[in-house]
Amino acid sequence: MNPAVPALGIAAVTASGCVWYVPALADLRAGADRPVSRRLAAAACLTGWATTAATALLLLLGVPARPLLALAAAGAGAGLALRVRAAVLRRREEREDAACWTALKVPAPARGGPPRPLAFARTAGAGLGLALAAAIALAWARPHGVPFALAATVPAALAACALLAATAVSARRH
């Protein structure tokens, strides 16, 4: 297959991801007006989308598969590390807020998360994107000796896990 085809597909997905990376960019630009955990989560989002865009560009330029996979792995690792750190900081910030409201002896204002459909869409979208990336990487590596069973089951398993996680996340929201 001509490398321009998956490159254009990845570029189209990256362009449509603006619903995630434009608000993330706004959060980063807001600086100290946003909590540190939110800025780290925004940096994780931008890292992931920048990795995807760079992968599409390098794919279009004809870079071999191994450097592309290394780039994708590095970007995914960096994004995951930032996202985990953001989650840890968010929990700490929530505990600090709860302690402050308790000290004031006033009930804390209600904090609502995103509605169920949005929570489901976010989790499912992230997991299905990971499954798509795995499918593309394994399809590309298939001529180099990757067994068909692995190339077929890994993306399917990732997609199934993404849908299960999305269902669990949306069920947790009240």
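The values are calculated or read from the model by the stated rules, or taken from the named source; none is laboratory data. This one's a predicted model, so the numbers in the text were calculated from it and none came from an experiment. All Cβ positions, even for glycine, are placed from backbone atoms using ideal geometry, and neighbour counts span all protein chains on display. Ligands, DNA and RNA are stripped out before the accessible areas are found, and what is left, the full protein with its side chains, is counted by its heavy atoms. Shrake-Rupley method; radii C 1.70, N 1.55, O 1.52, S 1.80 Å.
Normalised by the number of residues in the range 1-62, the mean separation of alpha-carbon contacts (under 8 Å, six or more apart) gives a relative contact order of 54 percent. Given R0 = 22 Å, the distance between the Cβ atoms of A160 and L132 translates into a calculated FRET efficiency of 0.95.
Using the Cβ-Cβ distance between A15 and R85 with R0 = 35 Å, the FRET efficiency computed as 1/(1 + (r/R0)^6) comes to roughly 0.80. Over the residues of the chain, the helix contribution to mean residue ellipticity at 222 nm works out to -28500 deg cm²/dmol, using -39500 (n - 2.57) for each DSSP H run of at least 4.
When each of the peptides 89-99, 136-146 is scored by the mean number of other C-beta atoms lying within 10 Å of its residues, the order from highest to lowest reads 136-146, 89-99. Each Lys and Arg Cβ is given +1 and each Asp and Glu Cβ -1; about its Cα centre, the chain then shows a dipole of about 420 debye. Dimensions of the chain along the principal axes, based on C-alpha atoms and rounded to the nearest Å, stand at 65, 33, 23, largest first.
Could you grab the relative contact order for the range 32-174? Cα pairs under 8 Å, six or more apart, rounded to a whole percent. Here the relative contact order equals 25 percent. Legend: residues S16, S37, sorted from most to least accessible area (1.4 Å probe; ligands, DNA and RNA excluded), read S16, S37. Stretched out straight at 0.36 nm per residue, the stretch from L61 to E96 would grow longer than its current Cα-Cα span by 7.7 nm.
Counted residue by residue at 0.36 nm each, then reduced by the alpha carbon distance between them, the extension gain from A103 to A70 reaches 6.9 nm. In this rough spin-label picture, where each label sits 7 Å from Cα along the Cβ direction, the A78-L8 distance is 2.9 nm.
Taking all protein chains into account, the per residue accessible area for the chain stands at 64 Å² (1.4 Å probe). At a 1.4 Å probe radius, carbon and sulfur cover how many percent of the accessible area of the range 1-119? Roughly 68 percent, rounded to a whole number. Peptides 122-131, 4-13 ranked from most to least packed, by the mean per-residue count of other Cβ atoms within 10 Å: 122-131, 4-13.
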